[in-house]
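Chemist: For reference, the structure I am asking about is given below.
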Amino acid sequence: MAMTTQTIMLWVLAALFPGFVALSFMWGFGIAWNVIWLCILCAGCELGATYLRRLPKAQTPWSTLTDGATLVTAVLIALCLPPFMHPGILAVAAIASIGLAKHIYGGLGRNVFNPAMVGYAVILVSFPQSLAHWPDALANDLDGFSGATTLTHFRYRAGTTTLEFEALHGASMAQDRLVACCFLVGGVVLLYKRLLAWRTTAGMLAGLALGTLFGYDQGSSQSLGGAWFHATTGGFMLAAFFVVTDPVTHPRGPRHQLIFGLIIGLLVYLIRAYGSFPDGIAFAVLFANCLTPFMNRLPPRHRQPLRPETEQENAANG
């Protein structure tokens with residue numbers, strides 16, 4: 001029996017829970033603060049947008065809220081942010097994701113761009129200093145803040161080899177790996193339930209691996225990082241299982257899903273290695289979303305028809 005949208009979204013929220021627990025274990029109530037505020041703000045935007053759109057009488061503002069998609073968007077944005085974000089910044093993310101990326105295109109199922117990545121990208125560009133204000137992994141409490149994530153430290157490590165970097169930042173790398181493993185567990189649950197397109201995830205991992213083939217040089221001070229490092233830092237695992245698998249914004253064809261993920265994985269690596277931002281997941285996803293309508297219009301690969309002479313030969317041979 002086919003699952004409803006509401007049931008699928010509940011499974012996605014349940015699969016996100018291990019990652020939420022891991023982040024909360026590290027940073028405390030600040031992660032729940034983000035989740036609570038964004039759920040309220042995104043729900044408010046959803047209700048306001050559906051009211052202004054003058055939906056048919058059969059639909060009410062509450063009916064579009066109960067499908068769970070708005071809550072999934074809110075949680076995805078919240079899990080990408082440092083703890084205790086200002087509510088004003090969260091309000092901008094909610095308006096950009098629900099109002100701009102979702103309802104301007106006609107609501108759920110019609111949006112071209114992933115709403116969570118639009119909301120995150122807007123506040124990342126608008127408030128870069130606020131989003132760089134992460135707690136220090138070596139601090140005993142949340143009062144010790146550093147202005148950089150593990151990816152930022154690695155990007156500007158000033159001639160340090162990868163072994164030396166791991167010795168200096170082993171604690172933060174261990175935290176990143178724990179969070180990545182928790183999102184991996186949730187993603188495997190969705191794979192088991194067949195609730196996501198596994199080819200997009202596989203393509204993203206393959207794209208990252210392809211990029212690291214040209215940027216990893218056995219760990220010198222000029223190394224751009226290996227596949228394992230990039231896959232377990234930042235929000236790569238979260239994106240691989242919960243963002244690029246969004247059925248609305250990835251291509252429909254199996255082959256095109258693989259290409260879609262491959263493009264994202266390769267772009268993430270290139271942005272991390274050469275771009276202005278230490279992490280590039282949101283921008284890579286949004287760029288690939290631009291290609292989805294084109295990929296959906298490409299004809300599927302069919303078996304080539306037999307030539308007339310071949311058909312005659314087969315008929316002669318019985």
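The values are calculated or read from the model by the stated rules, or taken from the named source; none is laboratory data. This is a predicted model, so every value here is computed, not measured. With ideal geometry, Cβ positions are generated from the backbone for all residues, glycine too; neighbour counts draw on all protein chains shown.
Chemist: Considering region 223-250 alone, what residues qualify as being farther than 21 Å from LEU131 by Cα and either among the charged types (D, E, K, R) or touching a Cys at 6+ places or on another chain (Cβ under 8 Å) (or both)?
Modeler: ASP246 - this is the single residue of region 223-250 that is farther than 21 Å from LEU131 by Cα and either among the charged types (D, E, K, R) or touching a Cys at 6+ places or on another chain (Cβ under 8 Å) (or both).
Chemist: Okay, next question. Look at region 155-179 and say how many of its residues are in contact with a helix residue (DSSP H, G or I) (Cβ under 9 Å, 6 or more places away or on another chain) and part of a loop (DSSP other than H, G, I, E, B).
Modeler: Count: 3.
Chemist: With the structure loaded, tell me whether PHE229 is on the phi < 0 side of the Ramachandran plot and crowded, with 21+ Cβ neighbours inside 10 Å or whether it fails that test.
Modeler: Criteria met by PHE229.
Chemist: Across region 17-52, what is the total count of residues that are among the polar types (S, T, N, Q) and within 23 Å of HIS86 (Cβ to Cβ)?
Modeler: 2
Chemist: State which residue pairs qualify: first residue within 24 Å of GLU164 (Cβ to Cβ) and inside region 191-220, second residue aromatic (Phe, Trp, Tyr) in any location, beta carbons under 8 Å apart, and separation of 6 or more residues or different chains.
Modeler: These pairs meet every condition: LEU208/PHE236; LEU208/TYR269; GLY211/TYR269; THR212/TYR269; GLY215/TYR269.
Chemist: When the residues of region 153-170 are narrowed to those that are among the charged types (D, E, K, R) and within 29 Å of the chain's Cα centre (by Cα), which ends up nearest to SER276 (Cα to Cα)?
Modeler: ARG155
Chemist: Considering only region 237-245, I want to know if a residue exists there that is among the hydroxyl-bearing types (Ser, Thr, Tyr), farther than 20 Å from THR161 by Cα and crowded, with 24+ Cβ neighbours inside 10 Å.
Modeler: Within region 237-245, one or more residues are among the hydroxyl-bearing types (Ser, Thr, Tyr), farther than 20 Å from THR161 by Cα and crowded, with 24+ Cβ neighbours inside 10 Å.
Chemist: So, in region 1-18, how many residues would count as being modelled with pLDDT of 95 or more and either buried (at least 20 other Cβ atoms within 10 Å of the Cβ) or over 17 Å from VAL188 (Cα atoms) (or both)?
Modeler: Within region 1-18, residues that are modelled with pLDDT of 95 or more and either buried (at least 20 other Cβ atoms within 10 Å of the Cβ) or over 17 Å from VAL188 (Cα atoms) (or both) number 3.
Chemist: Step by step: first the residues of region 264-278, then only those that are surrounded by fewer than 24 Cβ atoms within 10 Å (Cβ to Cβ) and touching a residue at least 60 places away in the same chain (Cβ under 8 Å), then the one that is farthest from the chain's Cα centre (by Cα). Which residue is that? It would help to see each step written out before you state the result.
Modeler: First, the residues of region 264-278 that are surrounded by fewer than 24 Cβ atoms within 10 Å (Cβ to Cβ): 266-267, 270-271, 273-278.
After this cut, where a residue has to be touching a residue at least 60 places away in the same chain (Cβ under 8 Å) as well, the list is 267, 273, 277-278.
Values: LEU267: 13, ALA273: 18, PHE277: 16, PRO278: 15 Å.
Selected residue: ALA273.
Chemist: Out of curiosity, is PRO128 modelled with pLDDT of 75 or more and within 30 Å of ASP67 (Cα to Cα)?
Modeler: no
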